[in-house]
1. Based on Cβ point charges of +1 for Lys and Arg and -1 for Asp and Glu, what charge dipole magnitude is obtained for chain A about its Cα centre, in debye rounded to the nearest 20?
2. Are there trypsin sites (Lys or Arg not before Pro) in the range A:1-91 that DSSP puts in a loop and that have at most 15 other Cβ atoms within 10 Å, and which ones?
3. Along the Cα→Cβ direction, 7 angstrom out, place labels at B:Phe24 and B:Ala106. What is the inter-label distance in nm?
4. How far, in degrees from 0 to 90, does helix B:212-227 lean away from the longest principal axis of the Cα atoms of chain B, to the nearest 10?
5. Please tell me the relative contact order of chain B in percent, rounded to the nearest whole number, where contacts are Cα pairs under 8 Å and at least six residues apart.
6. Would you report the distance distribution of C-alpha pairs in the protein assembly as shown as whole percents per 10 angstrom bin, up to the bin with the largest distance?
7. Set the bar at 22 Å for Cα to Cα. Now go through A:Lys60/B:Lys201; A:Lys4/A:Lys60; A:Lys60/B:Lys162; A:Lys73/B:Lys162; B:Lys201/B:Lys224; B:Lys177/B:Lys198 and name every pair that lies beyond it.
8. Which whole number gives the average, over all residues in A:11-24, of C-beta atoms from other chains lying within 10 Å of the residue C-beta?
Amino acid sequence: MTPKERLDVAERLLERSGGALVGLWPRACAVLVRQALEGAVDRVLREEVPGSQAANWRVKFLCLGRAIGDERKARELAYVWGRLSEVLHRGGGAMGASEVQLRGWVERVRGVVEPVVSRG
Amino acid sequence: MRSPALGLSLFLPRMEQPGSPFRFVVVDDPVQAMDLDKVDGLARVLASVAKTRQVVVFTHDNRLPEAVERLRIDARVVEVHRRARSEVEVCEAGQTSERFFADAFAVMKSEQEVGHTVVASLVPSFCRDGIEAACRRRVQRDRLGRGDRHEDAAAALAEVSKTQQLMALALLGDGNKGGEVYARLRNGVGSRAVDCFKAVKDGAHGGYTGDLDELVRGAWDIAKYVEGP
């Protein structure tokens, strides 16, 4: 699946009530959004910063700032990635993400995915 | 004394008096500002009250359901999800590895609705949850069993952020021994467990192209081994 396809599915999960994923959609949505973000970032870095694939995500987001010429945007995405990871590695006192939070993350990640897609 | 604890300590004994008209109690977010020992204490108190009264507790904090499960208190734990326009869903919840693997199988059953590719993207992440839950349970059990404080066990868990580190902490007592995890899994569960563990970790980031049913069952075997009897 492409990052855009993952985001589209995530968005549909937020819209659709009932069905087989009752109660599981918040986590399913978070998984797909994080995968979309990671996929888009990897694609940018593969083109702009060869060799960065093996780096950890902290380093990748630092490289992303340089690659897209917008370090603020990269920091914002790193924050979203961190929040998603927090939600996904359950445990401690963390609860799952709310529908509003998820919707916000979908939008923010779409902001980086769309330009990647339009590059072709 | 914190105000929720003060309120409960005044109200619960009064409610339990033989002449009390109250047959149930609803408590809203009682664990905020409580440390982990007090959360355990509260869970025991509520379990005691629940022998003669219905007890309903709302919370945004996972520590109370976690304590209920760890202390093996007979309680029903449900999650409430709110969609747009306040559409509410209530479903069974829990922090046990069994719960997470049940979720993984539930996701597999949604294939007709969402498609195989989506299911294959989601299932490894749910399997990783199950394995991580088993690791956390093992760390808590081992550490509390040897007399560590709750805070120390929680601090040890907070120091590890990756699944491999968490597994090392659970199996080897040291999150820095990630390099020894595969050998331990190979010896304890079998050679396929290593491939399964890698597939779960990698698949959580991008999906899995192999047999999903086999993946879930393999991951569950790993979780059972980690959690022990």
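1. Values: 20 positive and 15 negative charges, 37 e Å.
Once rounded to the nearest 20, the dipole reads 180 debye.
2. On the way: sites: A:Lys4, A:Arg6, A:Arg12, A:Arg16, A:Arg27, A:Arg34, A:Arg43, A:Arg46, A:Arg58, A:Lys60, A:Arg66, A:Arg72, A:Lys73, A:Arg75, A:Arg83, A:Arg90; in loops: A:Arg16, A:Arg90.
Here the trypsin sites (Lys or Arg not before Pro) that fit, given the DSSP loop and packing criteria, are A:Arg16.
3. A separation of 2.3 nm, rounded to one decimal place.
4. The helix B:212-227 is inclined about 60 degrees to chain B.
5. On the way: 276 pairs, mean separation 38.1, N = 229.
Reported as a whole number, the value is 17 percent.
6. Values per bin, smallest distances first: 5, 23, 30, 26, 12, 4, 1, 0.
7. Values: A:Lys60/B:Lys201 18 Å; A:Lys4/A:Lys60 20 Å; A:Lys60/B:Lys162 16 Å; A:Lys73/B:Lys162 25 Å; B:Lys201/B:Lys224 17 Å; B:Lys177/B:Lys198 16 Å.
In this structure, A:Lys73/B:Lys162 lie more than 22 Å apart at Cα.
8. Numbers: counts 0, 2, 3, 2, 2, 3, 7, 3, 3, 10, 11, 6, 11, 11.
Across the residues of A:11-24, the mean count of other-chain Cβ atoms within 10 Å is 5.
A short reminder: the numbers here are calculations on the coordinates, not readings from a lab. On a predicted model such as this, the values are computed, not experimentally measured, just so you know. Reconstructed Cβ throughout: ideal geometry from the backbone, glycine too, with neighbour counts over all protein chains shown.
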